[in-house]
Structure formats: C-alpha cells, structure tokens
Amino acid sequence: MQFSTTQNTQNTQEAQQKHAQIDKDGIAKLMDLFYAKVRKDENLGRIFEGRIGTDEASWSAHKQKIASFWGGIFLGEQDYHGAPLKAHLDLEPFPREFFEIWLGLFKESCEAVFCQEPAEQLLDRAQDIAQRFQKILYEFPHS
C-alpha cells in the first residue's frame, strides 16, 4: 500500500511540474530536453553537431534561436530571424527516416514538459513542418 501512495504522489508531482499551456519557460525547457536527446542520438547527433558545433555556447545559441521560432508560432513573438527550410536544404543529404527519429524525440520531450493538450499542439505543428520539409527535400528537385 505504501508504495502506491508514494507512486501516486510522485505522479501527481510530475503532472504539476508539467506546463498546462505553451509559454516561454516551457519552450525553453523543451529545447533543453529535446536537444539533449538529439545530441545523444547516434544518427541525429552527428548531423546537428556538424552544423552547430560541439561547444555549449553554440548549442545555447541554437536552442535560443529555435525557442524563438516556436515562440513566434505559438506566442506571437517576433524574435525569430531565420530560414528553417533553407537551413535544411543546405545540409548534406540525409535519410528521410531521420525525420521520424526527430519527431520521436520531439514527442518524448513535449510529453515530458507539457500536459497533454499543449504537447499535442506542439507535436501536430512539428509533424506538419516535417511533412512539408520532407516533401520539398525528397520529392522536388532542388540544388
């Protein structure tokens, strides 16, 4: 009996720590968790580190930039200045399946940081973006 009470308390505390809505702090936590997973991934890590670098300052700047991207989408912030599609077009070719790995890590991270509804909102948007990028990267010729 004691174990289930302790477990219920732990589950309640975890749920309380999750963000009930998309906000700047939640996005920052999402970026920290997600990119920690990306860096450890045997497929994605080398691609990202090849582009971003391996030092913490470069990663911090990248996380801040991508947090601004998500803040623009969900919070109406105007801080993001970049061209995400061009950044992907400029990469060395990589297997289409890597998008599924990326989405899986993003989903895990969203579910760890946010309650169900905002996690689903973020993931839905990420899936839409990933589908568009895949279509352009793999189905339309580009140089």
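Full extension of the chain between His62 and Arg96 gives 10.0 nm of extra length, using 0.36 nm per residue less the Cα-Cα distance. Sequence-ordered 3J(HN,Hα) estimates for the range 120-137 from the Karplus curve with 6.51, -1.76 and 1.60 and θ = phi - 60° stand at 5, 4, 5, 5, 4, 5, 4, 5, 4, 5, 4, 5, 5, 4, 4, 4, 5, 5 Hz, glycine and proline given as x. Taking amide H positions as modeled 1.01 Å from N, with prolines and chain starts lacking one, the residues under 5 Å from Glu77 and 5 or more places away or on another chain are Gly72. Overall, the ratio between the Cα radius of gyration of the chain and 2.2 N^0.38 Å, rounded to two decimals, is 1.16. Here Gln17 and Glu77 are evaluated by their C-beta separation; at R0 = 35 Å the FRET efficiency comes out at 0.90. Of the accessible area of the range 31-136, computed with a 1.4 Å probe over protein heavy atoms only, carbon and sulfur atoms account for 50 percent. When only the Cβ of Lys, Arg, Asp and Glu is charged (+1, +1, -1, -1), the dipole of the chain relative to its Cα centre reaches about 160 debye. Between amide H atoms placed 1.01 Å from N, distances below 5 Å from Ala20 occur with Cys115, all of them 5 or more places distant or on a separate chain.
Given R0 = 30 Å, the distance between the Cβ atoms of Asp128 and Arg46 translates into a calculated FRET efficiency of 0.70. Applying the Karplus relation 6.51 cos²θ - 1.76 cosθ + 1.60 with θ = phi - 60° to the range 104-116 yields 3J(HN,Hα) values of x, 5, 5, 4, 4, 5, 4, 5, 7, 9, 10, 5, 4 Hz, where x marks Gly and Pro.
The values are calculated or read from the model by the stated rules, or taken from the named source; none is laboratory data. Bear in mind the structure is a predicted one, so any value in this text is a computation, not a measurement. Here the Cβ is made from the backbone with ideal geometry for all residues, glycine too, and neighbour counts use every protein chain on show. Just the protein is used for accessible areas: all its heavy atoms, side chains included, with ligands, DNA and RNA removed. Shrake-Rupley method; radii C 1.70, N 1.55, O 1.52, S 1.80 Å.
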